[in-house]
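Following: one structure in C-alpha cells, then a few remarks.
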Amino acid sequence: MTKKMILGLLASVAIAGPSAAQIGAPGATDWVKTPQPAAPSPFSPAVPAGRADDYVAIVNLLNTYWIALDAGDIETYANLFTPDATLYWIGGVEKGREAIHKNLASFGTGSRKVPKDATERQRGIHTMGSQRIDFTGPNTAHDVGMWLGFSNNSPDKSFRANEFGHYEDKYIKVQGRWYFQERRIINERLSNKALFYPELGEPDPRQK
C-alpha cells in the first residue's frame, strides 16, 4: 500500500492519533477470519411478549452510539460499553472500556480542529439500516444490522456514500440499563470484511 493510499484511507474514515496507529497493522483484522455462528432460520420477526421496552431501549442505545461517534463525544460513546466489553473494528480488538475510549478518542467530525475563522467543515456521518434483535436471556440480547457512512469530502462538497457494512452486537442489561458487551464492525470497503456472513443468514457462495 502506497503512502498516498494510506493517507486517503485515514482521511476517509476520519481517524487520527492513537487509533490511526493500529490501522493497517499486521494481523489487526484477523478476527474477521473466524466465522460467527449462523443465524437461526427461519427467524421470527416478532418482538417477544413483554420485551417491547427492552427492544426500544436497545434501539435507543444504538442511535446514541452513532450520534456520539460522529460528534466525537467519546465520553458518551465509551460509556455505552460495559467496563469489560470487547470491540472488534478496523483498528483491531479493543478489550475494556478504557481501551475503547483511548483508541477512538480522535474519531468523528466533532474531534477534528478547524481554523479559527472557519465557517464550515468536512463532515462524516453514519446511519443505521436494517436491524434484527433477538433476546437470548432475561438480561442479554444479540443483534445484527446494516450501516452506511456518508461524507461531504468531495471537490464540490456534494453528499456521497463512502462506505457500508454490518455489525453484530451482544448486549447485557445491568441495573436496568442496556450496554454493549461485544461489538463487531464489518466494513466492506476496508479489510475487516469476509466473503460471506453466517450471522446474517448468508450461505457460502463458492461453487462446490
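Restricting attention to region 47-61, which residues are small (Gly, Ala, Ser) and assigned to a helix (DSSP H, G or I)? Spell out how you get there, then give the answer.
Of the residues in region 47-61, the ones small (Gly, Ala, Ser) are 49-50, 52, 57.
Once the filter is applied, which keeps residues that are small (Gly, Ala, Ser) and assigned to a helix (DSSP H, G or I), region 47-61 yields Ala52, Ala57.
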Within region 95-131, the residues that are exposed (fewer than 15 other Cβ atoms within 10 Å of the Cβ) and of a type in the set (Lys, Arg) are Lys95, Lys113, Lys116, Arg121
For region 147-188, which residues satisfy the criterion of being under 24 Å from Arg97 (Cα atoms), of a type in the set (Gly, Ala, Ser) and either surrounded by fewer than 17 Cβ atoms within 10 Å (Cβ to Cβ) or in contact with a Pro (Cβ under 9 Å, 6 or more places away or on another chain) (or both)? Gly176
Are there any pairs with C-beta distances below 8 angstrom linking a residue in region 73-101 that is touching a residue at least 24 places away in the same chain (Cβ under 8 Å) to a residue that is assigned to a helix (DSSP H, G or I) and among the aromatic types (Phe, Trp, Tyr), with the two at least 6 apart or on different chains, and if so which? Tyr77/Tyr65; Leu80/Tyr65; Tyr88/Trp31; Gly92/Trp31; Val93/Trp31; His101/Tyr77
What do you reckon, is Leu200 in contact (Cβ under 8 Å) with a residue 12 or more places away in the chain and among the aliphatic types (A, V, I, L, M)? yes
Restricting attention to region 107-123, does a residue exist that is more than 19 Å from Arg183 (Cβ to Cβ), touching a helix residue (DSSP H, G or I) at 6+ places or on another chain (Cβ under 8 Å) and β-branched (Val, Ile, Thr)? yes
Sort out which residues of region 156-187 are under 24 Å from Leu80 (Cβ atoms) and among the charged types (D, E, K, R), and write them in order of number. Glu163, Glu168, Asp169, Lys170, Lys173, Arg177, Glu182, Arg183, Arg184
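We did not get these values from a lab; they are worked out from the coordinates using the rules stated. Since this is a predicted model, take the numbers as computed values, not measurements. For neighbour counting, all protein chains shown are included, and Cβ atoms are generated from backbone atoms with ideal geometry for every residue, glycine included.
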